[in-house]
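Working notes for the structure below.
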Amino acid sequence: MKILLITPPLVQLNTPYPAMPTLAGFLRDQGVEVAQADLSLELVLRLFSRDGLRQVAEACRARAKPTPHVRFFLDHLDSYLNTVETAVGFLQGRDEAAGWLIARRGLLPEGPRFSALSPDGTGGDEEATLAELFGTLGVTDRAKHLASLYLDDLADIIREGADPDFGFARYAERIAVAAPIFDPLLQRLAAPPTLIDRLIDNLTEETLRRHAPEIVGLTLPFPGTVYATFRIAAAVRRLAPATRIVMGGGYVNTELRSLTDPRVFDLADFLCFDEGFAPWLGIVGKAPFTRTMTVDLRLPLVCTGDRPVAPTPSYTGLDLSRYISLVEMANPMHRIWSDGKWIKLQLANGCYWHKCAFCDVALDYIGRYEAPDAKSLADKLARLKRETGQTGFHFTDEALAPALIRQLCEELLARGETLTWWGNVRFDKHVTPALARLMAQAGCIAVTGGLECAHDRLLKLMNKGITLASAAQACQAFSDAGILVHAYLMYGFPTQTEAETLDALEYVRQRFEAGHIQSAYWHRFALTAHSPIAKHPETFGIRLTPPAEPPRRFALNEIPYAEPGAPDHDRLGEGLRRALYNYMLGLGLDLPVRKWFVLPKRNVING
């Protein structure tokens, strides 16, 4: 039995998405023959090449009225054709010398994205801005930033002139977001193919010919991968009808648990739920079927005490040197997501807190916390370091438990193991200066964590288990230890007032001003089907307003609701994002927070 695991377009480009390497490691431990293909990376490399840009230009010329951005591209096409492979090779780390040419400007054509270099967005004083950001010796970083803006420009051109659904980390996302019925996706699959569609079809055919699998596994981590996944599945059905198709991942886990549309199984044989290991044992015939949905739409959620042990991921078949690092924003913490070939690894299953009211804690892979011992984790990290030649790790846990991370740090230090790593934490009282220093000594360079609404009343209501005081102490402990900090923020939570939103921004401003946070992001609250809020909406002052149940359901996760008297959260969100963008560049920290909003005078707070 030969299995081919495919990562579909589009996910981040700097490192492999972890689902398939983890599953490959598990199946190889079971003695199964496994190959891997990252079609997300392959699509981008095919597109951002001399031949790919020629095809983009043809698609752009077919449009009746090109946008100014597209006209700029067509007017400078020769320059783009002559530089695209140089820029990509540099961002892959294959052509470091090209960084000198890129950094001094003039080599790459500069479209609208380059206006971000000037403080006022007008394009003035760009060289002064670059000097402030990278100094006189930061040639590589300066060139990475310029080459990233160049690729961002090209991504905008593709979206405006060739395929409006294209994005660097998503494709046709709108079809899969809040998609109660399968029909729009089927209609898009049946429509005349776009340039991106044709490339996906061609890559699928080439990959099938190369590997000739009996089973194809596809991961659907986000809405922005769903359409491409089903397009790949349709190509497999057409080209190799006897090949079985398996789908799993975050979108399946959260969105498709209440699926009632059997047409999905025209393009899939199995849907896998939760951690994926147990379902695959059934699919390859090594155990009874569990947590797997088939065409009869029955989902045997057999829970036993014997669960497969999380494996060491396998990167065999994935050439890490071909991945593309991007520096799209000159912020040291913000760049970590897109810059560097991090080996992604989950230390423990689930969240050790698993009580937050907004989180999908009803799902097994979040609500069931299981942690291995520190020695086995250190063994796993050392093995991956040897096999990949990489020493950088991103721990993808829901939250790194302080006790586990302390034990792991002590084990790594005792072994003299040199690693660089980062991961998600909770800003709770157990994060002490001593723990932060230990983490830094063991190689931690950055942490991310949820401040959510950054207001004590709301933190208590959502059962977050932290306070603003504990969060401030944790952020300071990390930053004092030399660890970068990113904060996940939320606005629009049920019962949140306008004044509380402004107070939250003031708290965030203070953290940035003190140097205890380097990066952050505001998320608009969304009510999900598997959260405690969805089960008890009255506790949070809201009323569910679900639409009529469709005859055949596809996806269900985000639930609409009504909140009488709620402020205009969308309007507030504009000010929050504007302020945060400036804070991450070290700007506007001396301004009262009310300056970022257009508000009635009665809502002014002390900034």
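The values are calculated or read from the model by the stated rules, or taken from the named source; none is laboratory data. Keep in mind the model is a prediction, meaning the values are calculated, not measured. Because the Cβ atoms are built from the backbone with ideal geometry, glycine has one as well, and the counts that use them run over all protein chains shown.
Condition check ((1) out of contact with any Leu (no Cβ under 8 Å at 6 or more places or on another chain); (2) surrounded by fewer than 20 Cβ atoms within 10 Å (Cβ to Cβ)) across all residues:
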position	(1), (2)
ALA212	yes, yes
GLY217	no, no
PRO223	yes, no
ALA233	no, no
VAL236	no, no
LEU256	no, no
LYS286	yes, yes
Qualifying residue in segment 369-391 (condition: in the same structural domain as TRP422 (by TED's automatic domain parsing), assigned to a loop (DSSP other than H, G, I, E, B), touching a helix residue (DSSP H, G or I) at 6+ places or on another chain (Cβ under 8 Å) and of a type in the set (Ser, Thr, Tyr)): yes
Looking at PRO221 and the list (1) over 29 Å from ALA59 (Cα atoms); (2) over 21 Å from the mean Cα position of the chain (by Cα), which single condition is not satisfied? (2)
Of the residues that make up segment 320-330, is at least one under 20 Å from GLU275 (Cβ atoms), at pLDDT below 90 and not β-branched (Val, Ile, Thr)? no
Yes/no for ALA446 being in the same structural domain as PHE393 (by TED's automatic domain parsing), part of a helix (DSSP H, G or I) and touching a helix residue (DSSP H, G or I) at 6+ places or on another chain (Cβ under 7 Å): no
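Of these, GLU85, GLU58, which one is over 26 Å from ARG209 (Cα atoms) and either buried (at least 17 other Cβ atoms within 10 Å of the Cβ) or touching an Asp or Glu at 6+ places or on another chain (Cβ under 7 Å) (or both)?
On the way: GLU58 fails: either buried (at least 17 other Cβ atoms within 10 Å of the Cβ) or touching an Asp or Glu at 6+ places or on another chain (Cβ under 7 Å) (or both).
Just a single option satisfies the conditions, and that option is GLU85.
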Before we move on, is PRO494 touching a helix residue (DSSP H, G or I) at 6+ places or on another chain (Cβ under 9 Å), surrounded by fewer than 20 Cβ atoms within 10 Å (Cβ to Cβ) and on the phi < 0 side of the Ramachandran plot? no
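Anything in segment 455-476 that is in contact (Cβ under 8 Å) with a residue 40 or more places away in the chain and assigned to a helix (DSSP H, G or I)? List them, or say none.
Of the residues in segment 455-476, the ones in contact (Cβ under 8 Å) with a residue 40 or more places away in the chain are 455, 457-458, 461-466, 470-476.
Of everything in segment 455-476, those that are in contact (Cβ under 8 Å) with a residue 40 or more places away in the chain and assigned to a helix (DSSP H, G or I) turn out to be ARG457, LEU458, LEU461, SER470, ALA471, ALA472, GLN473, ALA474, CYS475, GLN476.
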The listed residue being within 21 Å of the chain's Cα centre (by Cα), modelled with pLDDT of 95 or more and not assigned by TED's automatic domain parsing to the domain that holds ARG263, out of ILE517, ILE533: ILE517
Residues in segment 1-51 that are in contact (Cβ under 8 Å) with a residue 12 or more places away in the chain and either assigned to a helix (DSSP H, G or I) or among the hydroxyl-bearing types (Ser, Thr, Tyr) (or both): how many? 25
Examine segment 477-484 for a residue that is within 15 Å of VAL593 (Cβ to Cβ) and either hydroxyl-bearing (Ser, Thr, Tyr) or outside any loop (DSSP other than H, G, I, E, B) (or both), and state whether such a residue exists. no
If the requirement is being part of a loop (DSSP other than H, G, I, E, B) and among the acidic types (Asp, Glu), which of these qualifies: GLU549, GLU500, GLU506? GLU549
